[in-house]
Amino acid sequence: MDLITGMGMQYYKFDVMTQADGSITVPYLFTPLKNAAIAAKVKLIPDLTPTTLDFSATEAKSYAAGKLLGANFAQKYGPYFTFYILGNEMDNRVILPGKTGNKVTDYDPARFKIVAAYLKGMDEGVKSTDPVCRTMIDASWLHYGFLQMLQDYGVNFDIVAYHWYSEMEGAAANAPYNIPDITVKLASLFTKPIWFTEVNKRYNTTLTYEYDQDMFFKKFLVKCRNNPRVHALIVYELFDEPQKISNLLEANYGIIKWTAPYLSWKYKEAANNFLIN
């Protein structure tokens, strides 16, 4: 928590899975995290996993399952949270192969209805027991069509959350997309506040990676700061995860690296964009 506050950060996002009654599956991990966050005045943001989503269910049953999960979780843990993320990249669960994601026709309509019903239930369930909270749903790449479809379906989430990585930044600026600034594009499509809840330079094994990561953040932060519709940016992620070495991307996303695993660490160049002098 000292590292988070030392970089001027206010939020810490974490994935969470629940049991049927809404209880977090690993309370022995959540309790010390919660207590440390309270002491440091850092706001935790749960990314609530849709553990009961079933694509063979009806829309009505999907809605009921999402509402039960959301209501039970918020009833138990609502006092600790202001914001909830409903699912993680659910756009990727319903997009058709080879599609960009910016149009309604890019998505499987049957699968979309099941996901939309579930997310509508989650949103209304959370708010039924934590009425002052704010919810967000995320998408990545140019999958903003998914979020527009959710709005049209009647999912009343409060914040547009977005995942954005360096290769997306480069590809979006070129034809046929011609989107040099995703913050401007999203602001033109939605009236809701915009949060970037995953941002980073995609890892590669070049000797210049840390410099390239730093440059990506420098440029993207300027775009976010220049757009008043962007209210937050969350870096994915704080520390490298050497235990995930079989997946070089997941193992190396940190803005802090271990000099000796889990004993000593060092800031990467990108961390300087956030450090408070």
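Taken together, the values in this text are just the output of simple stated rules run on the coordinates, not laboratory data. In this text, all values refer to a predicted model and were calculated from it rather than measured experimentally. Glycine gets a Cβ as well: all are built from the backbone with ideal geometry, and neighbour counts include every protein chain shown.
Given the criterion charged (D, E, K, R) and crowded, with 18+ Cβ neighbours inside 10 Å, identify the matching residue among 152, 158, 108, 123. Step through it out loud before you land on a result.
Values: 152 fails: crowded, with 18+ Cβ neighbours inside 10 Å; 158 fails: crowded, with 18+ Cβ neighbours inside 10 Å; 108 fails: crowded, with 18+ Cβ neighbours inside 10 Å.
Answer to the selection: 123.
Contact map, segment 145-158: first residue over 14 Å from residue 191 (Cα atoms), second residue part of a helix (DSSP H, G or I) and charged (D, E, K, R), Cβ cut-off under 7 Å, separation 6 or more or different chains; pairs are 145/106; 146/91; 153/120; 154/120; 155/120; 155/123.
For segment 235-249, give me the residue count where each residue is in a strand (DSSP E or B) and either crowded, with 17+ Cβ neighbours inside 10 Å or on the phi > 0 side of the Ramachandran plot (or both). Residues meeting the conditions: 1. Farther than 17 Å from residue 161 by Cα, among the β-branched types (Val, Ile, Thr), within 20 Å of the chain's Cα centre (by Cα) and not in a helix (DSSP H, G or I) - does that describe any residue in segment 95-104? Scanning segment 95-104, I find at least one residue that is farther than 17 Å from residue 161 by Cα, among the β-branched types (Val, Ile, Thr), within 20 Å of the chain's Cα centre (by Cα) and not in a helix (DSSP H, G or I), so the answer is yes. Taking the conditions (1) in contact with a Lys or Arg (Cβ under 9 Å, 6 or more places away or on another chain); (2) part of a helix (DSSP H, G or I); (3) over 14 Å from residue 122 (Cβ atoms) in turn, residue 70 satisfies each one other than (3).
Yes/no per residue for (1) in a loop (DSSP other than H, G, I, E, B); (2) touching a residue at least 24 places away in the same chain (Cβ under 8 Å); (3) aliphatic (A, V, I, L, M):
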site: 187; (1), (2), (3): no, yes, yes
site: 192; (1), (2), (3): yes, yes, no
site: 195; (1), (2), (3): no, yes, no
site: 199; (1), (2), (3): no, yes, yes
site: 204; (1), (2), (3): yes, no, no
site: 216; (1), (2), (3): no, yes, no
site: 221; (1), (2), (3): no, yes, yes
site: 228; (1), (2), (3): yes, no, no
site: 233; (1), (2), (3): no, yes, yes
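Checking every residue in segment 200-213 against the condition of being within 19 Å of residue 12 (Cβ to Cβ) and under 20 Å from the mean Cα position of the chain (by Cα) gives at least one match. Within segment 117-129, is there a residue that is assigned to a helix (DSSP H, G or I), acidic (Asp, Glu) and over 19 Å from residue 197 (Cβ atoms)? Yes, there is a match, as at least one residue in segment 117-129 is assigned to a helix (DSSP H, G or I), acidic (Asp, Glu) and over 19 Å from residue 197 (Cβ atoms).
Per the listing 61, 34, the residue uniquely free of Cβ contacts under 8 Å to residues at least 12 places away in the same chain and in a helix (DSSP H, G or I) is 61. Does residue 15 qualify as being crowded, with 17+ Cβ neighbours inside 10 Å, among the acidic types (Asp, Glu) and in a strand (DSSP E or B)? So residue 15 fails the test.
Looking across segment 240-263 at every residue that is touching a strand residue (DSSP E or B) at 6+ places or on another chain (Cβ under 7 Å) and without any contact (Cβ under 8 Å) to a residue 24 or more places away in the chain, the one that is farthest from residue 5 (Cα to Cα) is identified as 242. Residues in segment 77-90 that are more than 12 Å from the chain's Cα centre (by Cα) and surrounded by 13 or more Cβ atoms within 10 Å (Cβ to Cβ): 77, 78, 80, 81, 82.
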